[in-house]
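Undergrad: Please read through the structure below; I'll follow up with questions.
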Amino acid sequence: MRMAFVSSFGLGNGMTSCRNNVRTRCEFSLFHHQKNVGGQFRQVPSTRVRMCESAETEKPQESVTESSPKSKRVAPTVPQGFTPPEPRTFFVRPDQFLNVITGSVGSAMRLYSGALVSGYSLGIADGKITESSSSLPMKRPEQPLEVYEFEACPFCRKVREALTILDLDVYIYPTPKNGVRFRPLVENLGGKQQFPYLVDPNTGFADYESSKIVEYLFNTYGDGNVPLGLRLGAVTTLSSGLATLPRSGRGASRAGSKVVFPEFPLELWSYEPSPFCKIPREALCELELPYLLHNTARGSVKRAELKERVGRFQVPYLEDPNTGVKMFESADIVKYLYDTYGENAPGATAELPEEFSMIAPKLPTEN
């Protein structure tokens, strides 16, 4: 049973609704996606589909009509004079103290769930302390999972914690309030705009209910034992909700009326309870920027992989295949994201380009 939770920014039952508007016409193609048909997750042929919807008493959505202009994709551009900052371990800029403190308070309310991978263990090798998992990897998915969610949702947090504990990579498709890119896609896939919505392309599983998703993840990619902090029912829900309050609704709503829509997802190395990682995740959500999330809790093998990739382990770390930018430092990442994709960025538009409609983008190659 789902416990109703209402925060200061208007969340209820882990769900925000945009049903006061209805699509009157929508053309889309699903070349890389599957659709939930009659409770079964099936592949949709690679053809262009036209759907028509009507409403009994609801107002038609004005932005998607026959007379609406078609927005064209504009590639993002790196801000003039931009240079990635030098990474500094545990450095906090004076103007970021409040962000770090409020992010830390939220994680403390969840007892830092997601800080350690399942089966976390310490060891010694060559005179150095090592961190690993005694139970992972078990079954690893061939393809990253897909989650439609928004950062400030307490039910979404539960799922993100589970993904971090299980050390799973996942495509995040942000669905902030007033979002235009992925909310309609979720409704088409599952029949309603409710979040989180997880899709596992490896098995065909798709569901909205956070508790059911968490149980599925541990049964499929873990040892079947859901951690206590994720199976306390109302207590888990309440603490997850309270954890969002210190951030005052950041990561809940779309930022501004215009954004730049990227062709490819970004990549972020992060782990759930880190306050430094939370700040850029909020920005990615507010700008509706899809990204491949590489979870790197303590004990994750991806910590060593990141060190091999860039010469050090430090998170958050962002790579943007749309511009070629690679960078550390949370506050600088946020500034880069808003300067490149925010409403004042070159090419920002209120209209979703037609070629991106009803599409969940993937990286061109897994790297």
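Undergrad: Report Rg (one decimal) and Dmax (nearest whole number) for region 250-322, counting Cα atoms only, units Å.
TA: Considering region 250-322 through its Cα atoms, Rg and Dmax are 13.1, 41 Å.
Undergrad: For region 61-199, what is the accessible area per residue in Å² when the probe is 1.4 Å? Write out the running numbers ahead of the final one.
TA: Details: 6560 Å² over 139 residues.
Result: 47 Å² of accessible area for each residue.
Undergrad: If one computes P(r) from the Cα atoms of region 275-367, what percent of pairs lie at distances over 21 Å? Can you show the working numbers first?
TA: Numbers: 1637 of 4278 pairs.
Considering region 275-367, 38 percent of its Cα-Cα pairs are separated by more than 21 Å.
Undergrad: Compute the distance from the alpha-carbon center of region 312-367 to that of region 204-246, in whole Å.
TA: Their Cα centres are 28 Å away from one another.
Undergrad: A follow-up question, please. Given the convex hull of the Cα atoms of region 110-356, what is a quarter of its surface area in nm²? Before the final figure, lay out the partial values.
TA: Numbers: hull surface 53.6 nm².
So the Cα hull casts an average projection of 13.4 nm².
Undergrad: Let me ask another. Would you work out what percent of the accessible area of region 110-356, with all protein chains in place, is carbon or sulfur (probe 1.4 Å)? Intermediate values should be presented prior to the final figure.
TA: Numbers: 4350 of 8560 Å².
Exposed carbon and sulfur together represent 51 percent of the surface.
Undergrad: Moving on. Cα gyration tensor of region 102-249, axes a ≥ b ≥ c as square roots of the eigenvalues: rounded (a/c below 1.5), prolate (a/b > b/c) or oblate? Kindly include the intermediate steps, with their values, before the conclusion.
TA: Details: a/c = 1.97, a/b = 1.35, b/c = 1.46.
Taking the square roots of the gyration eigenvalues as a ≥ b ≥ c, region 102-249 is oblate.
Undergrad: Could you pull out every one of the lysines with an alpha carbon less than 22 Å from that of K362, ignoring same-chain neighbours closer than 8 positions?
TA: Those lysines meeting the cut-off are K35, K72, K302, K326.
Undergrad: Measuring with a 1.4 Å probe in the full set of protein chains, what accessible area per residue, in whole Å², belongs to region 218-367? List each step's numbers first, then the result.
TA: Values: 5280 Å² over 150 residues.
Result: 35 Å² per residue.
Undergrad: Using the Cα centre of region 110-356 as the reference point, and only Cβ charges (+1 on K/R, -1 on D/E), how large is the resulting charge dipole? Debye, rounded to the nearest 20. Mind showing how you got there, number by number?
TA: Values: 27 positive and 32 negative charges, 164 e Å.
The dipole of region 110-356 has a size of about 780 debye.
Undergrad: Related question: Counting Lys and Arg as +1 and Asp and Glu as -1, each charge on the Cβ, what is the dipole of region 104-221 about the Cα centre in debye, to the nearest 20? Spell out each step's value before the answer.
TA: Numbers: 12 positive and 14 negative charges, 67 e Å.
In debye, rounded to 20, region 104-221 gives about 320.
Undergrad: When you count, for each residue, the other Cβ atoms within 10 Å and take the mean per peptide, how do 273-281, 348-356, 243-251, 89-97 rank with the highest first?
TA: Working: 273-281: 24.0, 348-356: 16.6, 243-251: 19.9, 89-97: 10.7.
Averaged packing, sorted descending, gives the order 273-281, 243-251, 348-356, 89-97.
Undergrad: Please compute the modelled spin-label separation between V92 and A75, points set 7 Å along Cα→Cβ, answer in nm with one decimal.
TA: Here the answer is 4.0 nm between the modelled labels.
The values are calculated or read from the model by the stated rules, or taken from the named source; none is laboratory data. All of these numbers come straight from a predicted model, not from anything done at the bench. Glycine also receives a Cβ, built like all others from the backbone with ideal geometry; neighbour counts cover every protein chain displayed. Protein only, heavy atoms only, side chains kept; ligands, DNA and RNA dropped before computing areas. Shrake-Rupley method; radii C 1.70, N 1.55, O 1.52, S 1.80 Å.
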